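The values are calculated or read from the model by the stated rules, or taken from the named source; none is laboratory data. In this text the structure is predicted, and so the values were computed from the model without any measurement. Positions of Cβ are backbone-derived with ideal geometry, glycine not excepted, and every protein chain shown enters the neighbour counts. Heads up: the accessible areas ignore ligands, DNA and RNA and are worked out on the full protein's heavy atoms, side chains in. Shrake-Rupley method; radii C 1.70, N 1.55, O 1.52, S 1.80 Å.
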Amino acid sequence: MKKLSDCRILLVDDAKVNLDILVEGLKSDHKLSLAMNGETALQTAARTPPDLVLLDIVMPGLDGYEVCRRMRQMPETAEVPIMFLSSLEEVKNKTLGFEAGANDYLTKPFDMLEVKARVRSLLKAKAYSDAVKEQIASELRFASEIQMGMLPHDFTAVERDYGVQFGAVLAPAREVGGDLYGVCAAGPERLVVFLGDVSGKGIPASMFMVRAISLARLLAREIAKPEQILARLNDELAADNPSGMFVTFLCAVFEPKTGRLTLANAGHCRPVLRPAGGPPRWAMDNLGTALGFEPGLEFERTELTLHPGDALILYSDGVTEAFNPQEELYGNDRLLVDASGFNGSSAPAITAGLLEKVRAFAAGAPQSDDIAIMTLQVNGGRA
């Protein structure tokens with residue numbers, strides 16, 4: 001944890017005599033920053049974020065209440081403890097202080113020993129909170145590395161053996177998420193591709209995602225038909241699912257010799273087929289039912305033939321449900337329009353280009369859901 005002597009306190013008071021008293025009492029124990037009005041306090045806090053703010057209320061310009069409210073809106077000070085030091089001693093003034101976001105309130109004239117005791121208490125609480133957050137962040141980074149390690153990144157061998165090209169990306173909304181994709185070389189004549197989206201986000205979704213992707217890999221090697229893979233996967237997930245989570249899942253089986261592609265959908269977004277030289281269109285109509293609700297579900301299949309240069313784009317709803325600052329939806333129609341602009345592009349270029357289109361549309365708006373995109377493209381000659 002951070003040492004108390006390394007903690008910085010921002011002292012804000014329009015009366016120099018009050019600042020002098022506080023400086024004299026605290027300078028030997030902590031680092032100090034000073035401000036004699038609200039505007040200067042906000043600028044100082046943004047430039048050199050403090051670990052604690054001691055704030056007067058009655059000041060020219062911005063009063064302490066407004067300074068506190070604005071500090072709570074600033075990322076640099078949103079969680080920094082704030083203690084009011086004020087001559088206003090009525091209950092309504094203290095209530096306003098706490099409603100503005102203060103952690104403590106002490107009335108003037110104050111005893112320096114009490115100030116120092118409260119300062120130590122607030123700083124210790126913040127140091128402990130920061131240490132816990134850092135521990136959680138470290139564990140989340142480790143979990144993210146494990147999760148990303150379960151996804152394929154190097155498709156070289158599969159591309160060579162099956163005469164295809166892949167491009168894939170996963171961008172979680174948090175450190176870890178519930179989107180998944182996979183490629184399984186199930187035999188010399190069968191390549192299984194899947195992409196899914198677990199309900200929710202964060203740690204619970206990532207744990208369910210790990211289970212789903214592990215089962216899918218095993219079943220893809222045993223079962224030839226995508227609708228049967230989904231049926232078995234659903235039975236396994238539904239049999240032991242106390243959390244009630246579910247996953248939408250799209251499974252495709254590609255046969256390189258004939259170019260035949262069979263698909264089955266379990267409640268997932270419809271994939272986009274981008275024929276070579278033709279306009280993009282939906283590769284299938286049926287959505288099906290998500291996995292994990294109940295055992296015994298059946299799924300329909302769709303059959304297509306992929307020709308050289310054709311591409312199949314799989315994605316999660318983090319793409320079509322992306323919002324911009326005006327709260328407009330990216331949507332299905334925009335996806336088809338943007339996909340049409342990648343004729344002649346490679347699979348990695350299509351994937352990266354679509355992600356760039358989505359982020360350009362979002363224009364800096366917070367990402368509300370995980371984003372996964374995977375493109376399968378047939379090479380110019382059959383393997």
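So is VAL192 open to solvent by 10 Å² or more (accessible area, probe 1.4 Å) and under 30 Å from the mean Cα position of the chain (by Cα) or not?
Taking the combined requirement at face value, the residue does not satisfy it.
Provide a single number: the residues in region 36-67 that are surrounded by 15 or more Cβ atoms within 10 Å (Cβ to Cβ), over 37 Å from the mean Cα position of the chain (by Cα) and farther than 19 Å from PHE98 by Cα.
Total satisfying the criteria: 2.
Taking region 214-232, which residues are in contact with a Cys (Cβ under 8 Å, 6 or more places away or on another chain), within 13 Å of GLY196 (Cβ to Cβ) and either modelled with pLDDT under 95 or open to solvent by 60 Å² or more (accessible area, probe 1.4 Å) (or both)?
ALA216, ARG217, ALA220
Which pairs turn up if I take residues in region 321-342 that are at positive phi and look for partners that are part of a helix (DSSP H, G or I) and surrounded by 14 or more Cβ atoms within 10 Å (Cβ to Cβ) with beta carbon separation below 7 Å, at least 6 apart in sequence or on another chain?
Here the result reads GLY331/THR320, each pair linking region 321-342 to a residue that is part of a helix (DSSP H, G or I) and surrounded by 14 or more Cβ atoms within 10 Å (Cβ to Cβ).
Scan region 271-288 and report the pairs whose first residue is of a type in the set (Gly, Ala, Ser) and whose second residue is open to solvent by 50 Å² or more (accessible area, probe 1.4 Å), with Cβ atoms within less than 7 Å and a gap of 6+ or a chain change.
Here the result reads ALA276/HIS307; ALA276/PRO308; GLY277/ASN343; ALA283/ARG270; GLY288/GLU300, each pair linking region 271-288 to a residue that is open to solvent by 50 Å² or more (accessible area, probe 1.4 Å).
I'm trying to understand the selection: among the residues of region 234-284, which are open to solvent by 10 Å² or more (accessible area, probe 1.4 Å), in a loop (DSSP other than H, G, I, E, B) and within 22 Å of SER199 (Cα to Cα)?
Result: ASP240, ASN241, PRO242, SER243, GLY244, MET245, PHE246, GLY267, CYS269, ARG270.
Say whether the condition of being farther than 30 Å from LYS357 by Cβ, out of contact with any Phe, Trp or Tyr (no Cβ under 6 Å at 6 or more places or on another chain), of a type in the set (D, E, K, R) and in a strand (DSSP E or B) is met by at least one residue in region 176-193. Let's see the steps before the verdict.
Here is the first cut: in region 176-193, the ones farther than 30 Å from LYS357 by Cβ are 185-190.
Then drop every residue that is not out of contact with any Phe, Trp or Tyr (no Cβ under 6 Å at 6 or more places or on another chain), which leaves 185-190.
If we keep only those that are of a type in the set (D, E, K, R) too, we end up with 189-190.
Pick out the ones that are also in a strand (DSSP E or B) and you get 190.
Looking for residues that are farther than 30 Å from LYS357 by Cβ, out of contact with any Phe, Trp or Tyr (no Cβ under 6 Å at 6 or more places or on another chain), of a type in the set (D, E, K, R) and in a strand (DSSP E or B), one finds at least one in region 176-193, hence yes.
Considering each residue of region 353-378, count those that are closer than 21 Å to PHE194 by Cα and open to solvent by 60 Å² or more (accessible area, probe 1.4 Å), and give that number.
Residues in region 353-378 being closer than 21 Å to PHE194 by Cα and open to solvent by 60 Å² or more (accessible area, probe 1.4 Å): 0 in total.
Just one of ALA137, ALA125, ALA143 is small (Gly, Ala, Ser), surrounded by fewer than 17 Cβ atoms within 10 Å (Cβ to Cβ), touching a residue at least 12 places away in the same chain (Cβ under 8 Å) and closer than 30 Å to ASP197 by Cα; which is it?
Answer to the check: ALA137.
Return the residues of region 341-352 that are of a type in the set (Ser, Thr, Tyr), out of contact with any Ser or Thr (no Cβ under 8 Å at 6 or more places or on another chain) and surrounded by 17 or more Cβ atoms within 10 Å (Cβ to Cβ); say none if nothing qualifies.
Passing the criteria: only SER345.
Which of the residues belonging to region 68-111 are outside any loop (DSSP other than H, G, I, E, B), farther than 17 Å from LEU22 by Cβ and open to solvent by less than 50 Å² (accessible area, probe 1.4 Å)? Give the steps one after another, and end with the answer.
Within region 68-111, the first condition is being outside any loop (DSSP other than H, G, I, E, B), and the residues that meet it are 68-73, 82-86, 91-100, 104-107.
Applying the additional criterion that residues be farther than 17 Å from LEU22 by Cβ yields 68-73, 91-100.
CYS68, MET71, ASN93, GLY97, ALA100 - these are the residues of region 68-111 that are outside any loop (DSSP other than H, G, I, E, B), farther than 17 Å from LEU22 by Cβ and open to solvent by less than 50 Å² (accessible area, probe 1.4 Å).
What is the number of the single condition among (1) in contact (Cβ under 8 Å) with a residue 12 or more places away in the chain; (2) open to solvent by 60 Å² or more (accessible area, probe 1.4 Å); (3) among the charged types (D, E, K, R) that GLU114 does not meet?
(1)
Can you name the number of the only condition in (1) outside any loop (DSSP other than H, G, I, E, B); (2) modelled with pLDDT under 90 that ASP333 fails?
(2)
Please count how many residues of region 322-340 are open to solvent by 60 Å² or more (accessible area, probe 1.4 Å) and closer than 28 Å to PHE254 by Cα.
Counting residues in region 322-340 that are open to solvent by 60 Å² or more (accessible area, probe 1.4 Å) and closer than 28 Å to PHE254 by Cα gives 4.
Looking at LYS124, is it touching a helix residue (DSSP H, G or I) at 6+ places or on another chain (Cβ under 8 Å), in a helix (DSSP H, G or I) and either more than 29 Å from THR77 (Cβ to Cβ) or not small (Gly, Ala, Ser) (or both)?
Taking the combined requirement at face value, the residue satisfies it.
So in region 153-171, with the set limited to residues that are open to solvent by 30 Å² or more (accessible area, probe 1.4 Å) and in contact with a helix residue (DSSP H, G or I) (Cβ under 8 Å, 6 or more places away or on another chain), which one is farthest from ASP370 (Cα to Cα)?
Among them, the one singled out is GLN165.
Could you tell me how many of the residues in region 291-321 are outside any strand (DSSP E or B), open to solvent by less than 10 Å² (accessible area, probe 1.4 Å), of a type in the set (Gly, Ala, Ser) and touching a helix residue (DSSP H, G or I) at 6+ places or on another chain (Cβ under 9 Å)?
2
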